[in-house]
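Enquirer: First the structure, then my questions, so here it is.
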């Protein structure tokens, strides 16, 4: 009997290994090893085509070079601003819309949720193409709508001051619904008794949500915050499709700069250093945010 | 929910009507903002070159023309791109489903040393931006002569941390007694997984399949780096190409027709199965 159990346990640990190895094996070969190789390349000088064995060790000079170049510093600053602008707009909007979707007593709430969520599921490239035509200064509808309101026409993607904001608006439109769905999921976890008790105590709308909803939504908001940061810091598709970093580098972001450094200029070492810097920033920021929200 | 809203609001009839009117106004406003780009996409795809050049812009063409939906297949190998996207997406999705179910089952129901560390490692892969792996992956595929091929497009996308995480979350909710009963009947772990666990997993598996399908279909960075000949292009890649090569405003209808076709699978899947998407997001609170 004991022997049979032992052999069962052994066979189970074999299946453990067997079930794990396809998934983990792929993650190791196509995620873990490439990260290590990127780190390795970032310490070497080499083109995209040169074999690993012929790359020349240069220590941290690639990192020094990218930070000396104003272009990468600009790209980093731009992507931070992009991320921050998205956070500032999406976080409050997703809470408000989440509350509205959850509480409003109107027909068509499900339709509203679907419509909000839909853009998140379509290719960012397609969204960028459509918004590119919406922003078109002469033939596009946005400036036409502004003119009805007697507001001046805007340069949108063609303007140094507005291009980044235009990309932010595009992203808010596309991803807001996803965060709203997360907020609604968080709201359904809050027991209704709290609100009833608060209402009996005479708490108004703001007071109820400030003292009940926000604190109890903390975990959800932490997730929204972290995912939003991770997703926005790696923005690439709309920049590549719509602006290629222009006008005057105002929409140049880290991922785009890294891509052209690798694939247009062929400088694998510099591009890998950029990738590692972004990886470090993403990891540090997400861990900091998670810790911050846990301590609240 | 409606109970508490009603219970404490001391409202007269007029006030209730006002609140309802305001709510519907909000709904209308949100719908207008969210649907407008879709409207413009459809309208532009049906416009003639004259409509496209008209100032002020034409909102809806007087004579909607569907010809651009045919032209897009003539100016670019769009049918081939659709086929490529389907092949790549179906293979990737199948791979993600299988690897995620097996690994998720082990993480949920097996005990072994180092399990938590390993699982944290799997979760950590979700935080890593795609472009961090890009250069070595590209070099790997070139070295294996797999660049510009289906395997090159598919291989790096056969497993992901999100899928394993999602499956683990669902399988953890299956009672152990159910598994033990099957084990006492002499079922192997393999039969157990496919006969007992997977049938209970259907909604979760549906969510994963849909997410994986949509995100592989939408993928841009990897095909952009991997593909260099038109006949290996994916739909999303072709859309970018169409837009780049048809900069004149009079070709907008063709680009928009292609875009409308390109988003159709994602739109239909989302409308058809949004329940699963929403459940997937709600259960994990996260997406990869």
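The values are calculated or read from the model by the stated rules, or taken from the named source; none is laboratory data. Here the structure is a predicted model, which means the values were calculated and not measured. Here the Cβ positions follow ideal geometry from the backbone for every residue, glycine too, while neighbour counts run over all protein chains shown.
Condition check ((1) in contact (Cβ under 8 Å) with a residue 12 or more places away in the chain; (2) part of a loop (DSSP other than H, G, I, E, B)) across all residues:
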| residue | (1), (2) |
| --- | --- |
| A:224 | yes, no |
| A:230 | yes, no |
| A:235 | yes, yes |
| A:239 | yes, no |
| A:246 | yes, yes |
| A:251 | yes, yes |
| A:255 | yes, no |
| A:265 | no, yes |
| A:274 | yes, no |
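The rows are residues; the columns are (1) modelled with pLDDT under 90; (2) farther than 30 Å from residue B:192 by Cα; (3) part of a loop (DSSP other than H, G, I, E, B); (4) within 14 Å of chain A (Cβ to nearest Cβ).
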position	(1), (2), (3), (4)
B:68	no, yes, no, yes
B:79	no, yes, no, no
B:104	no, no, no, yes
B:117	no, no, no, yes
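Enquirer: Next up: Across the stretch A:22-58, what is the number of residues that are free of Cβ contacts under 8 Å to residues at least 60 places away in the same chain, more than 9 Å from chain B (Cβ to nearest Cβ) and either out of contact with any strand residue (DSSP E or B) (no Cβ under 9 Å at 6 or more places or on another chain) or part of a helix (DSSP H, G or I) (or both)?
Expert: 3
Enquirer: Okay, next question. What number of residues in the stretch A:181-205 are part of a helix (DSSP H, G or I), at the interface with chain B (Cβ under 10 Å from one of its Cβ atoms) and under 20 Å from residue A:222 (Cα atoms)?
Expert: Final tally of qualifying residues: 6.
Enquirer: Quick one: which of B:60, B:40 is outside any loop (DSSP other than H, G, I, E, B) and farther than 30 Å from residue A:23 by Cα?
Expert: Selected residue: B:40, the only one of B:60, B:40 that is outside any loop (DSSP other than H, G, I, E, B) and farther than 30 Å from residue A:23 by Cα.
Enquirer: Take the stretch B:210-227 and flag every residue that is part of a loop (DSSP other than H, G, I, E, B) and within 11 Å of another protein chain (Cβ to nearest Cβ).
Expert: B:219, B:220
Enquirer: Could you please tell me which pairs satisfy a Cβ distance under 9 Å, a separation of 6+ or placement on different chains, a first residue in the stretch B:262-275 that is facing chain A (nearest Cβ under 9 Å), and a second residue that is not in a helix (DSSP H, G or I)?
Expert: B:262/A:122; B:262/A:123; B:263/A:122; B:263/A:123; B:266/A:122; B:266/A:123; B:267/A:122; B:270/A:122
Enquirer: Okay, moving on. Here is a check on your reading of the model: is residue A:15 facing chain B (nearest Cβ under 10 Å), at pLDDT below 95 and buried (at least 17 other Cβ atoms within 10 Å of the Cβ)?
Expert: yes
Enquirer: Another question, then. Would you check if residue B:24 is outside the structural domain of residue B:158 (by TED's automatic domain parsing) and over 16 Å from residue B:261 (Cα atoms)?
Expert: yes
Enquirer: Tally up the residues in the stretch B:43-94 that are under 21 Å from the mean Cα position of the chain (by Cα) and under 20 Å from residue A:130 (Cβ atoms), please.
Expert: 4
Enquirer: Let me ask something else about it. Within the stretch B:42-59, track down each residue that is in contact with a helix residue (DSSP H, G or I) (Cβ under 6 Å, 6 or more places away or on another chain) and either closer than 14 Å to residue A:142 by Cβ or more than 8 Å from every other protein chain (Cβ to nearest Cβ) (or both).
Expert: Within the stretch B:42-59, B:44, B:45, B:47, B:49, B:56, B:57, B:58 meet the criteria.
Enquirer: Can you name the residue in the stretch B:139-148 that is surrounded by fewer than 19 Cβ atoms within 10 Å (Cβ to Cβ) and within 11 Å of another protein chain (Cβ to nearest Cβ) and, of all such residues, is farthest from residue B:86 (Cα to Cα)?
Expert: B:143
Enquirer: Residue A:155 - would you say it is assigned by TED's automatic domain parsing to the domain that holds residue A:212, at negative phi, more than 15 Å from the chain's Cα centre (by Cα) and crowded, with 20+ Cβ neighbours inside 10 Å?
Expert: Considered against the rule, which asks whether it is assigned by TED's automatic domain parsing to the domain that holds residue A:212, at negative phi, more than 15 Å from the chain's Cα centre (by Cα) and crowded, with 20+ Cβ neighbours inside 10 Å, residue A:155 comes out as no.
Enquirer: Among the residues of the stretch B:149-176 satisfying the criterion of being more than 17 Å from the chain's Cα centre (by Cα), over 22 Å from residue B:205 (Cα atoms) and part of a helix (DSSP H, G or I), which is farthest from the other protein chains (Cβ to nearest Cβ)?
Expert: Here the residue is B:150.
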